[in-house]
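The values are calculated or read from the model by the stated rules, or taken from the named source; none is laboratory data. Everything numeric in this text was worked out from a predicted model, so none of it was measured. FYI the Cβ positions are ideal-geometry reconstructions off the backbone, even for glycines, and counts take in every protein chain you see. Note: accessible area is taken over every heavy atom of the protein model, side chains too, but ligands, DNA and RNA are not part of it. Shrake-Rupley method; radii C 1.70, N 1.55, O 1.52, S 1.80 Å.
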Amino acid sequence: MGEGERKRLVALLDSLAGPGNGAGILRKLLVEGVKPGLLAERISASPTLESLYKKHRTLDIGVDGVHQADDARVGLPPPPPGQSFRQRFRRQFRPRLARRAEGFTAIFAALAALPDPPLILETGCLRIPGNWDGDGQSTFMFDAFACAGGGAVISIDITPDCIESARRACSSATHLILNDSVAALHMLAGLLRRRASLLYLDSFDVIDHADPMPSAVHHALELAAARPLLGPGTIVAVDDYGLNAGGKGMLLDRFFAAIRAEVLYSGYQKVWRIGG
């Protein structure tokens, strides 16, 4: 390696790990034989890299105001002009949804039957863009449905990176809240003056499939916080129901059975409609 090349490489490492650190990192890599993975971890923990990361991730916030969804971010081509949501769901979304295909089919059919523009509340927003099989991309689909029908989506997540993923993928019809879902739903219940069309619960994952209770309790608390926003015709759905003993929805199941809510679908997800 020539002296000029070395200087440029040190300058690059300085810009990532902080001024004065580049030469030491290069020495550890080339002379001391430290594993690249260990050095990458050191660089990733530096305040300089964190600052660069935040600058890159927030550079486009507020540039355009109202913006359209980014189909490419979730692995889709842009829809043809004039395509309805129903057509798009059938041709683009449903074939990618695997075990969630029937559940979302039931959800969107029920939403389409409602007379008013949809208000969709979601806990646990889009996590990994394009991971249709693993995560379902619910926030992106809800955003597309709201855009088609003149409605709105409010999605809540406690993880900043998930909020960022959803912000970059969805249009300005989707409004994102970074907070604990129970606290945020309680706040919304005191502020909103209309009922939700759909409450979609998918936040606290089941870590131990033999013990879904911690997740089930959290989703029951979400339902309690959102109760003032629910009424006749509201659709409530929970993801990961098809796990041991009802997964995330095991306590919701008991509540909706007690109030005789209509079951629209039961499988990997469960979907109810509140009667009146």
The chain - mean residue ellipticity at 222 nm from DSSP helices (-39,500 (n - 2.57) per run, n ≥ 4, rounded to 500):
-13000 deg cm²/dmol
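What fraction, in whole percent, of alpha-carbon pairs in segment 144-276 exceed 20 Å separation?
Numbers: 4132 of 8778 pairs.
Considering segment 144-276, 47 percent of its Cα-Cα pairs are separated by more than 20 Å.
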When the expected Rg is taken as 2.2 N^0.38 Å, what fraction or multiple of it is the alpha-carbon Rg of segment 131-177?
1.08
Given Cα pairs under 8 Å that are at least 6 residues apart, what percent is the relative contact order of segment 1-152?
16
Could you order Glu41, Glu102 so the one with the most accessible surface comes first? Probe is 1.4 Å.
Glu41, Glu102
Can you quote the Å³ per residue value for the convex hull of the Cα atoms in the chain, rounded to an integer?
174
Using a 1.4 angstrom probe and counting only protein chains, how large is the accessible area of Thr105 in Å², to 10?
50
Sorted by accessible area with a 1.4 angstrom probe, largest first, how do Asp211, Asp14, Asp157 fall?
Asp211, Asp14, Asp157
Any idea what the relative contact order of the chain is, in percent, if you count C-alpha pairs under 8 Å spaced at least 6 apart?
15
So for segment 80-205, using the alpha carbon gyration tensor with a ≥ b ≥ c as root eigenvalues (a/c under 1.5 gives rounded; past that, a/b versus b/c decides prolate or oblate), I'd call it oblate
Over segment 127-276, what is the relative contact order in percent, taking alpha-carbon pairs closer than 8 angstrom and at least six residues apart?
18
Given 13 as the ceiling on other Cβ atoms within 10 Å, longest exposed-site-free region of the chain for trypsin sites (Lys or Arg not before Pro) in DSSP loops
1-192
Percent accessible area from carbon and sulfur atoms, the chain, protein chains only, probe 1.4 Å
57
What translational diffusion coefficient, in µm²/s and rounded to a whole number, does the Stokes-Einstein relation yield for segment 1-157 at 4 °C and a viscosity of 1.567 mPa s, taking the hydrodynamic radius as the Kirkwood radius over Cα pairs?
67
